[in-house]
Amino acid sequence: MTDTLPMPITAPFTPAQRSQIINLIRRAARTEIMPRFRRLSAHQVAEKTGAQDLVTEADKAAEEMIARGLQGMFPHALVVGEEYASEHPEILDRIKDAELCFTIDPVDGTWNYAKGLPLFGVMLSALRFGVPVFGLLYDPVVNDFILADSENPAVLQMPRGLRREVSTSDGGAIEDLVGFVPLSLIPADKRGQMAAAMTRFARVNSLRCACHEARMIAQGHADFVLFSKLTAWDQPPGAIVMKQAGAHVAMLDGSEYRADVKTGYFLAASDAATWGRVRDLFDFLLDPANDAEA
């Protein structure tokens, strides 16, 4: 009797399919996102869970266009868009069983976008049974993107056909690291400890945009990023891009990151040694008995 081997996780697209996906994202940005940038009226912006969590007409229109295009190219794929999933959360339970699933964040950094800050992006991933195998991080403002799949390195594609591989930083000691931590999303009872821990680094901030934070890690401009609010659209594209650029990516407890994981902390760092040092500093997050007020 022989053992049954698991299905290999491989790159899902041909070059032609990849080009179609890129062109679809660019068209959505050109027709639905950029024409509305800095032109939104009050009635075109709404709160989802509060004043810090916004949705705009651009989010909805871009997602509809991208989802429709993907479904036309891949009729049997599961397509999970942020805005659709916000209204139909039951779709998230299908991710782990889907042989091919696309996740879409049509405007990542919506708060920035709605306030007129040119720091937002379009994020798309392809998953196989919850594992990211393709990621695309697109900046509509300058019309460039970083993409990667499970068989190829991360590449920055710039206008006029210019392209180059990207790679993470050399990492280093805690006091030399630059990173991103969303302090406001850390549980209230751990926030004081996190604020103190952040002073150990050379610099820590938040861009309010997972797309650009992942791009910074992949290009070696920052050394780590911690995500404490996990969604099926915010982390998967960056996870595969950062990994293929050389980063170590995992849940803070050391387990594998998957797009169907809904709770916990996801940490990416420039290499395994740096990841370990950052993880050791943040291990208080894993202790439910630990209280910042104690």
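The values are calculated or read from the model by the stated rules, or taken from the named source; none is laboratory data. All of these numbers come straight from a predicted model, not from anything done at the bench. Cβ sites come from the backbone with ideal geometry, for glycine too, and all protein chains shown count toward neighbours. SASA here: full protein model, heavy atoms, side chains in, ligands and nucleic acids out. Shrake-Rupley method; radii C 1.70, N 1.55, O 1.52, S 1.80 Å.
Listed values, structure above:
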read-out	value
Under 30 Å from K190, Cα to Cα: lysines that are on another chain or at least 8 residues apart	K48, K115, K229, K243, K262
Per residue accessible area in Å² of the chain, where ligands, DNA and RNA are left out and the probe is 1.4 Å	46 Å²
5 angstrom amide H check on V80, placed H, neighbours 5+ away	F102, T103, I104
S184 accessible area, assembled protein chains, probe 1.4 Å, Å²	90 Å²
Using a Förster distance of 22 Å, the FRET efficiency for K115-E87 (Cβ separation, nearest 0.05)	0.35
FRET efficiency, 1/(1 + (r/R0)^6) with R0 30 Å, evaluated for K229 and E175 via beta carbons	0.65
Matching label, mean projected area of the Cα convex hull in nm² computed from the structure shown, candidates [x] 17.2; [y] 15.9; [z] 18.0	[x]
Calculated FRET value between R203 and H76, using beta carbons and R₀ = 51 Å, to 0.05	0.65
Stretch gain in nm, segment V142-S184, where the contour uses 0.36 nm per residue and the Cα spacing is subtracted	12.2 nm
Net +/- balance of residues flanking R215 in space, Cβ distance below 13 Å, scoring K and R +1, D and E -1	-4
Mean residue ellipticity (222 nm) of the chain, computed from DSSP H runs ≥ 4 via -39,500 (n - 2.57), nearest 500	-8000 deg cm²/dmol
